[in-house]
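Trainee: Pasting a structure below so you can have a look.
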Amino acid sequence: MSVSTPQRGAKTSQQNKSKPAAASGREGGKSAAKPAARFKLMQFLKDVRAEGGKITWPTRRVTVITSIAVLAMAALTSIFFFVVDQLIGLGVREILGFGG
């Protein structure tokens, strides 16, 4: 006596039978889903405040140092692109033979 198992993805005879409409959770076309949970604004604000208290905020010194580093990098980047733009402009003027 040999017993064979169905292949992956194959449906058995039990799975092929359709379920009646009442068993699928739909009666008369109405959904059986629960109504949406009511939004509680005060509870939400309390939760936000609690989560905000868990944050490790940077010190003033760290914030100032980081801000100075960002401004310095922005200045260096703008100087770099200004120089590159001037060199490209000079090269175009020399090749085409006109311009300021």
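Where a number appears in this text, it was derived from the coordinates with a stated rule and is not lab data. Note that the structure is predicted; figures quoted are calculated from it, not measured. Reconstructed Cβ throughout: ideal geometry from the backbone, glycine too, with neighbour counts over all protein chains shown.
Trainee: In nanometres, what is the gap between the two model label sites at residue 40 and residue 80, each 7 Å from Cα along Cα-to-Cβ?
Mentor: 5.3
Trainee: Further, regarding this structure: Quick one: net charge of residue 68's neighbours, Cβ under 15 Å, K/R +1, D/E -1?
Mentor: Residues near residue 68 contribute +2 overall.
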